[in-house]
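To start, the structure under review is shown below, and the notes come after it.
All of the numbers you see were taken from the coordinates with simple rules; none came from a lab. Small disclaimer: the values here were computed from a predicted structure and weren't measured. Don't worry about glycine lacking a Cβ; one is built from the backbone with ideal geometry, like all the others, and counts go over all protein chains shown.
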Protein chains: 2
Amino acid sequence: MRHLACLLVAAAIAAAAPVQAQDLAPAAAAVRDRALDDATAWKLVESLTTEVGARPVGSPAMMRARDWGLATLTALGFANVHAEAFTTRAWLRGEESAEVVGPWPQKLQILGLGNSAPTPKGGLTAEIIVFRTYQAMLDQPPGALKGKIAVVTQPMPRTQDASSYGPIGVQRRQGPVEAGKRGAVGYLVRSLATDGTRLPHTGTSAAGGIPAAALAPPDAELLERMAARGKPVTVRLVMNSTLVPAAQAWNVVGEIRGAEKPDEVIVVGGHLDSWDPGTGAIDDATGIAITTAAARLAASAGPPKRTLRVVMWGSEEQGGSSEAYLAAHKDEVSRIVVAGESDLGAGRIWRVSVPAGGWAHPEMRAFAATVAPLGVLTPTAPALQGGSDIEGLIEAGAPFVEFSQDADRYFDLHHSADDTLDKVDPRDLAQNVAVWASFLHLVANSDIDFRALKTAANR
Amino acid sequence: MRHLACLLVAAAIAAAAPVQAQDLAPAAAAVRDRALDDATAWKLVESLTTEVGARPVGSPAMMRARDWGLATLTALGFANVHAEAFTTRAWLRGEESAEVVGPWPQKLQILGLGNSAPTPKGGLTAEIIVFRTYQAMLDQPPGALKGKIAVVTQPMPRTQDASSYGPIGVQRRQGPVEAGKRGAVGYLVRSLATDGTRLPHTGTSAAGGIPAAALAPPDAELLERMAARGKPVTVRLVMNSTLVPAAQAWNVVGEIRGAEKPDEVIVVGGHLDSWDPGTGAIDDATGIAITTAAARLAASAGPPKRTLRVVMWGSEEQGGSSEAYLAAHKDEVSRIVVAGESDLGAGRIWRVSVPAGGWAHPEMRAFAATVAPLGVLTPTAPALQGGSDIEGLIEAGAPFVEFSQDADRYFDLHHSADDTLDKVDPRDLAQNVAVWASFLHLVANSDIDFRALKTAANR
């Protein structure tokens, strides 16, 4: 029955839509090919990483990033360029160090986790207890870790679809709270990293935890080997940090106004803030650059019918952008045609998922045909995750797309000092721009209504 | 004429030596195959990197390394285990930091170079001047860099035979003196690294230079991009260090005494000291492990005729071992059959060079046949470089061998925090042990006289 219903819906759409996929394809292909040759995205990534670099929320660099965003959008000819201010909680790193005190003294490479408590002044020194899996630590009863530094060394598997970040990431996000519940005084966790470079990878953890830091992978393995020798191993941990309860932050916005239906808005972007150890190249100068360049290219053959809005979200890493944006735009949600975020580096897009029923529409069929030569799959399963910064819009009902990028190398670099420009492949970056630009061009010049398509598909 | 002479020499050797290559090959092959299955070398690398870690000369860790060496050789059954003390100059790192102050503030990842002068207390702040090649800096007249921080960003090419380290290395070794001559107050040099990881690579520089540090490759490229923007770029550099003019150091020695000719000595080893940022895994726990394990395996079928001596040299990185060893053993040089050092990580041996004329001898022909299945070339060109720690012996006339390892990945890791156990491939390590063990077995049980062969070959 469901199958028959789908066929009927498709027939109805075909009857209602005089535009055919093949009529739209040449213009979309022209946008795609222009994008593949366009250097705008690369220049933006180069500029943001060179002239601003690391830009954690609550830092002076974030103010420079805001100014960079405003200047960049203005220089590229966007309209209605402005910053939407909000406040959010910001954790700022201070002095940090860790070392094995005995029996085999060695320095350890660490980075404190966002929201980590500071150590007592002068640091803390305690025996470690090493768990090869996060579950093994969770299996400990309350009090079992009393006075110890808990160490979890479970490695993160490499995946194309970033699917290991959620399940393994819990050891970073919840570990400091869970270790504390069991009596630990400190928590060290193997970085959520897919390579073995001696650089720790930071990231947020849940509030309310004990002093907690990420270990570089070789240092996690060193502690495993020391623990395996059967003697008590003592570690000294020094961590300072500052917690700003209401730091200033900004979502920076620019638009290409729609010529026919300016109130119908397509919202895309990346996040402007970054973690502090690197320069925020793949996380997320690339997302900013891809969506900004794509919006401009989508309008390169003339003003679109609908409004294209680029948002450079101001606090993704520690959260806040999404809630702030929804609060400021809740009356507008019903007019958001579709929302999308680019926040997985510059790995090539290998799959695009649109709202349920979307592929039945001629514009979306034209889009699938336009990006297939770029190596993009367009499965019928609807988009599941849109991105942290548009979660608020999604929960409020905005349709969203998911452009899956190849994450194979992403977690080699993510949240580490190695997040730098040289890791970005300009060809892969351009492929991303081409996919986004083709999509934005087709949607902005169409009457496609993802809400109605979804309703029809679910009927 | 030379060709005819060679043939005559070969005929004379064949007549004088009743032993044929094919008679020796089975025993050598047995040693080789035992080595491929032997875990001793891996265990030694694991132990030294876990229980000692970084061990710069002049540090407390170096004393622990000495004790580790003595205990290890004793436990493995070596005879005459002892430490030969000497003093040498030692440069010890202190606090270090660098940052772009303006116009685009960013932190830089640096490591001070050995022998670097400290900055004035509180650091120095100066405008940078960037040179894309070392020669471009040398081309500057005296005074041209007055008051500036000179920055050289020439990258190091990846090579299999490590041949880029000499010519590109001059920018690290001589750069601080040459920049100073031209008036610079500080010197930053792109790390001698073949990858783009955001870790600087340290190493020595000539004494008498200005404050000098290595930049992580992405940071060298960042300064290039900033300089290309045409505005003055200012960097703040803070470096402390301590220079110990006569630090205690030790060459740690163990022997497998020859049963027939104990005074004929084969000297092999690696160096026990390391640079400080990593754990000295590939530089040079592997060399220590390869030669120690190989000597033991060479004697595994029974005591050798000649003495096998393993020396764990105590100050390679900052120099001193070679001179100290020669001074203590100058009367013994004429009885050294051959010397060799393993100091290029655990990359597979792809070529073995012996003293001129060596391949004419049946033992060496058997050796060539034994290691050919391991992918080893045995060209007739004689060995050219034996290793830093045996330079003194070589200059005093000791024959030496050169076991060329694949250096393709070596300079990704060398002298950086990334020099850790996880970067060692156990199979490649075992291949090294097999080649060394085969060689030591054959030479220690032979009457081969490389000096006489060389003389004959040159006749």
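The residue pairs whose first member lies in region B:445-459 and is crowded, with 17+ Cβ neighbours inside 10 Å, whose second member is among the acidic types (D, E), and whose beta carbons are closer than 6 Å, counting only pairs six or more residues apart or on different chains, are B:S446/B:E363; B:I448/B:E363. The listed residues are A:A117, A:A126, and the only one of them that is out of contact with any Pro (no Cβ under 6 Å at 6 or more places or on another chain) and either within 14 Å of chain B (Cβ to nearest Cβ) or not polar (S, T, N, Q) (or both) turns out to be A:A126. Is it fair to say A:Q431 is within 30 Å of A:R198 (Cβ to Cβ) and in contact (Cβ under 8 Å) with a residue 60 or more places away in the chain? No, not satisfied. Selection of region B:91-100 for residues being within 13 Å of chain A (Cβ to nearest Cβ) and closer than 30 Å to A:R64 by Cα yields B:E95, B:S97, B:E99, B:V100. For region A:247-267, a residue qualifies if it is closer than 14 Å to A:L73 by Cβ and more than 22 Å from the chain's Cα centre (by Cα), and the qualifying residues are A:I256, A:R257. Do we find that B:V352 is over 18 Å from B:D428 (Cβ atoms) and either touching a strand residue (DSSP E or B) at 6+ places or on another chain (Cβ under 7 Å) or more than 14 Å from chain A (Cβ to nearest Cβ) (or both) in this structure? For B:V352, the condition - over 18 Å from B:D428 (Cβ atoms) and either touching a strand residue (DSSP E or B) at 6+ places or on another chain (Cβ under 7 Å) or more than 14 Å from chain A (Cβ to nearest Cβ) (or both) - is not met. None of B:D37, B:D67, B:D33 is among the acidic types (D, E), out of contact with any helix residue (DSSP H, G or I) (no Cβ under 7 Å at 6 or more places or on another chain) and free of Cβ contacts under 8 Å to residues at least 60 places away in the same chain except B:D67. Scan region B:260-286 for residues that are under 16 Å from B:S322 (Cα atoms) and assigned to a helix (DSSP H, G or I) and the total you get is 1.
All of (1) within 14 Å of another protein chain (Cβ to nearest Cβ); (2) more than 25 Å from A:A206 (Cα to Cα); (3) under 18 Å from the mean Cα position of the chain (by Cα) hold for A:T292 with one exception: (1).
Applying the set (1) more than 25 Å from the chain's Cα centre (by Cα); (2) on the phi < 0 side of the Ramachandran plot to B:G169 leaves exactly one unmet item: (1). Looking only at residues in region A:348-363 that are part of a loop (DSSP other than H, G, I, E, B) and surrounded by fewer than 24 Cβ atoms within 10 Å (Cβ to Cβ), the one that is nearest to the chain's Cα centre (by Cα) is A:R348. Consider only pairs whose beta carbons are under 6 Å apart and that are at least six residues apart or on different chains; among these, list those whose first residue lies in region A:116-142 and is closer than 16 Å to A:R172 by Cα and whose second residue is in a loop (DSSP other than H, G, I, E, B) and of a type in the set (S, T, N, Q). Here the result reads A:R132/A:T153; A:T133/A:Q154; A:Y134/A:Q154, each pair linking region A:116-142 to a residue that is in a loop (DSSP other than H, G, I, E, B) and of a type in the set (S, T, N, Q).
Residues in region B:297-306 that are under 23 Å from B:H329 (Cα atoms) and surrounded by 24 or more Cβ atoms within 10 Å (Cβ to Cβ): B:P304, B:R306. Quick one: would you say B:G230 is over 21 Å from B:G387 (Cβ atoms) and either in a helix (DSSP H, G or I) or not charged (D, E, K, R) (or both)? Answer is yes for this residue. Contact map, region A:152-165: first residue touching a residue at least 12 places away in the same chain (Cβ under 8 Å), second residue part of a loop (DSSP other than H, G, I, E, B) and polar (S, T, N, Q), Cβ cut-off under 6 Å, separation 6 or more or different chains; pairs are A:Q154/A:T133; A:M156/A:S164; A:M156/A:T194; A:P157/A:S164; A:R158/A:T194. Out of everything in region B:101-114 that is within 14 Å of another protein chain (Cβ to nearest Cβ) and among the aliphatic types (A, V, I, L, M), what residue ends up being nearest to B:G143 (Cα to Cα)? Selected residue: B:V101.
Whenever a residue of region A:375-396 is within 22 Å of A:D283 (Cβ to Cβ), its partners that are surrounded by fewer than 17 Cβ atoms within 10 Å (Cβ to Cβ), lying with C-beta atoms within less than 6 angstrom and at least six residues away or across chains, give the pairs A:G392/A:E323. With respect to (1) over 17 Å from B:R309 (Cβ atoms); (2) touching a helix residue (DSSP H, G or I) at 6+ places or on another chain (Cβ under 9 Å); (3) of a type outside the set (S, T, N, Q); (4) outside any helix (DSSP H, G or I), the lone exception for B:G340 is condition (1).
The test for being more than 13 Å from every other protein chain (Cβ to nearest Cβ) and closer than 15 Å to A:V152 by Cβ holds for A:A179. Within region A:47-93, the set of residues being assigned to a strand (DSSP E or B), surrounded by fewer than 17 Cβ atoms within 10 Å (Cβ to Cβ) and of a type in the set (D, E) is empty.
Across region A:309-337, what is the number of residues that are outside any strand (DSSP E or B) and in contact with a Ser or Thr (Cβ under 8 Å, 6 or more places away or on another chain)? Full working, then the answer.
Quick first cut of region A:309-337, residues outside any strand (DSSP E or B) only: A:314-335.
With the extra rule that they be in contact with a Ser or Thr (Cβ under 8 Å, 6 or more places away or on another chain), the set shrinks to A:314-322, A:324.
Matching residues across region A:309-337 total 10.
Among the residues of region A:200-234, those that are away from chain B (no Cβ under 14 Å) and either out of contact with any His (no Cβ under 8 Å at 6 or more places or on another chain) or more than 26 Å from A:D273 (Cβ to Cβ) (or both) comprise A:T204, A:S205, A:A206, A:A207, A:G208, A:G209, A:I210, A:P211, A:A212, A:A213, A:P232, A:T234. Is it true that B:R64 is touching a Pro at 6+ places or on another chain (Cβ under 9 Å), within 14 Å of another protein chain (Cβ to nearest Cβ) and within 16 Å of B:A214 (Cβ to Cβ)? No: the conditions fail for B:R64. Among the conditions (1) among the small types (G, A, S); (2) away from chain A (no Cβ under 14 Å); (3) farther than 15 Å from B:W275 by Cβ, the only one that B:S47 does not satisfy is (2). Applying the selection to region B:74-92, what residues are more than 21 Å from the chain's Cα centre (by Cα) and touching a residue at least 40 places away in the same chain (Cβ under 8 Å)? B:T74, B:L76, B:G77, B:F78, B:A79, B:N80, B:V81, B:H82 - these are the residues of region B:74-92 that are more than 21 Å from the chain's Cα centre (by Cα) and touching a residue at least 40 places away in the same chain (Cβ under 8 Å).
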